[in-house]
1. Go through segment 59-80 residue by residue and tally those that are among the hydrophobic types (A, V, I, L, M, F, W, C), at pLDDT 70 or above and surrounded by fewer than 11 Cβ atoms within 10 Å (Cβ to Cβ).
2. Looking at segment 1-45 only, could you name the residues that are among the β-branched types (Val, Ile, Thr) and either modelled with pLDDT under 80 or surrounded by 15 or more Cβ atoms within 10 Å (Cβ to Cβ) (or both)?
Amino acid sequence: MDLDMVGAVIGLTELLKQFGVSGKWNVLAAVLVGMAVSLGTEYIPGYTQQVVEAALLGLTAAGLYGLGKRAGSAIVNGRG
């Protein structure tokens with residue numbers, strides 16, 4: 001398992017939090033996402049790496065957008 005796949009599991013778990021998964025369900029979701037990524041790399045090796053990298057790019061872009069939006073809001077509101 002590559003380090004970027006760990007990042008993908010973390011990112012996808014955070015994405016699920018945005019859709020309301022919380023508490024014990026979040027832990028279960030993280031385990032299931034991890035299992036899905038691991039099984040995908042084992043049984044579909046050619047495409048899984050590309051899917052994981054694409055997911056990481058999308059999650060990174062969404063995170064940077066959200067960070068910029070919060071930082072801009074803080075500056076406008078005088079908290080930055």
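1. So the answer is 3.
2. Val6, Val9, Ile10, Thr13, Val21, Val33, Val37, Thr41, Ile44
The values are calculated or read from the model by the stated rules, or taken from the named source; none is laboratory data. Keep in mind it's a predicted model, so treat the numbers as computed, not measured. Cβ coordinates were reconstructed from backbone atoms using ideal geometry, including for glycine residues, and neighbour counts include every protein chain displayed.
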